[in-house]
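This report concerns only the one structure given below.
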Amino acid sequence: MKARGFTGSLFDEAAAAAPRYREALAPGAVLLRGFALDAEKELRKALDRIVASAPFRHMVTPGGYRMSVAMTNCGEFGWITDRRGYRYDALDPESGKPWPKLPAVFLDLASRAATAGGYPGFVPDACLINRYEPGARLSLHQDRNEKDFDAPIVSVSLGLPATFLFGGNDRSDRPRRVPIRHGDVAVWGGPSRLAFHGIAPLKEAKHETMGRQRINLTLRRAR
Ligand code: MD6
Ligand code: FE
């Protein structure tokens, strides 16, 4: 950074702390382009450790549909689905053990992104980890299994690009198509907390560092 000049030292500091690029998505929702890039290596190391003890698996919806997205979790609570419904559980149903702990690098990134997005003081207790291979998709849904809709959700994307479908508060609202790339972080809450959203089928490709997949971390306050 330039030495503090006669003008705007505080502005220089703010610029250095600010994300490279910020896009408004909707009221209360912002996309911080490239915000996770600096932490990529650490995020991937932490991710490898989590997946070694809680492997990705394809869960089944209450309607009996096998999800094309593979999922796992870390944190005090993990989001799961089976024939009995959607919910958070402190135990991984595959192992019967608690989910792996939320790594410091996830907590730190979530806190910094939430603050940059206008939600200071965010401390997640759950992180759903989604893995998409080409062809996988996530149909339009609302995230409403959390206890308190006042807390935002911080969503970190790594690997292959995807098209995020960002709708409104009615399922029938036509969603906007937002391209999401490696390192992007979305933060949303407030009036958009219950917006319908999804991911269009992933296109076939290979990412430089992540290979043939997209990983998405959604950090939440479940309880
Ligand atoms: C994904 N994301 O990006 C799926 N949900 O793969 C979500 O479903 C999501 O990004 C709530 C808040 C942010 C999200
Ligand atoms: Fe969601």
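Computed from the coordinates by the stated procedures, all read-outs in this text should not be read as laboratory data. For clarity, every value in this text was computed on a predicted model and none was experimentally measured. Here Cβ is always computed from backbone atoms with ideal geometry, including for glycine, and neighbour counts include all displayed protein chains.
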task = Rounded to the nearest 10 degrees, what's the angle between the helix 104-116 long axis and the longest principal axis of the chain, both from Cα atoms, 0 to 90?
result = 60 degrees
ask   = Can you give me the Cα centroid spacing of the range 75-96 and the range 148-196 in angstrom?
value = 22 Å
request  = Please report, in Å, the Rg and the Dmax of the range 130-172, where both are computed over Cα atoms only.
outcome  = 12.6, 34
key: Asp148 versus Glu204: modelled label distance in nm, points set 7 Å from Cα along the beta carbon direction   = 4.7 nm
inquiry  = Taking a cut-off of 23 Å, what percent of all Cα-Cα pairs in the range 112-223 are separated by more than that?
reply    = 28 percent
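Given Lys101/Lys203; Lys45/Lys203; Lys101/Lys206, which pairs have Cα atoms separated by over 28 Å?
Working: Lys101/Lys203 32 Å; Lys45/Lys203 25 Å; Lys101/Lys206 30 Å.
Beyond 28 Å between Cα atoms: Lys101/Lys203; Lys101/Lys206.
List Glu40, Glu76, Glu208 from most exposed to least, where exposure is judged by having the fewest other Cβ atoms within 10 Å. Please list the in-between numbers first.
On the way: Glu40 14, Glu76 17, Glu208 7.
Neighbour counts put them in this order, fewest first: Glu208, Glu40, Glu76.
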query = For the range 16-112, what Kirkwood radius comes out of the mean inverse Cα-Cα distance, in Å?
reply = 15.5 Å
ask   = In straight Cα distance, which lysines are under 21 Å from Lys97, not counting same-chain residues fewer than 8 positions off?
value = none
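Treat the chain as a sphere of radius equal to its Kirkwood radius over Cα pairs and apply Stokes-Einstein at 10 °C in a medium of 1.306 mPa s; give the translational diffusion coefficient in µm²/s, rounded to a whole number.
Values: Rh = 18.0 Å.
It diffuses with D of about 88 µm²/s by this estimate.
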task = For Arg22 and Asp173, calculate 0.36 nm times their separation in residues minus their Cα-Cα distance, and state this gained length in nm to one decimal.
result = 51.9 nm
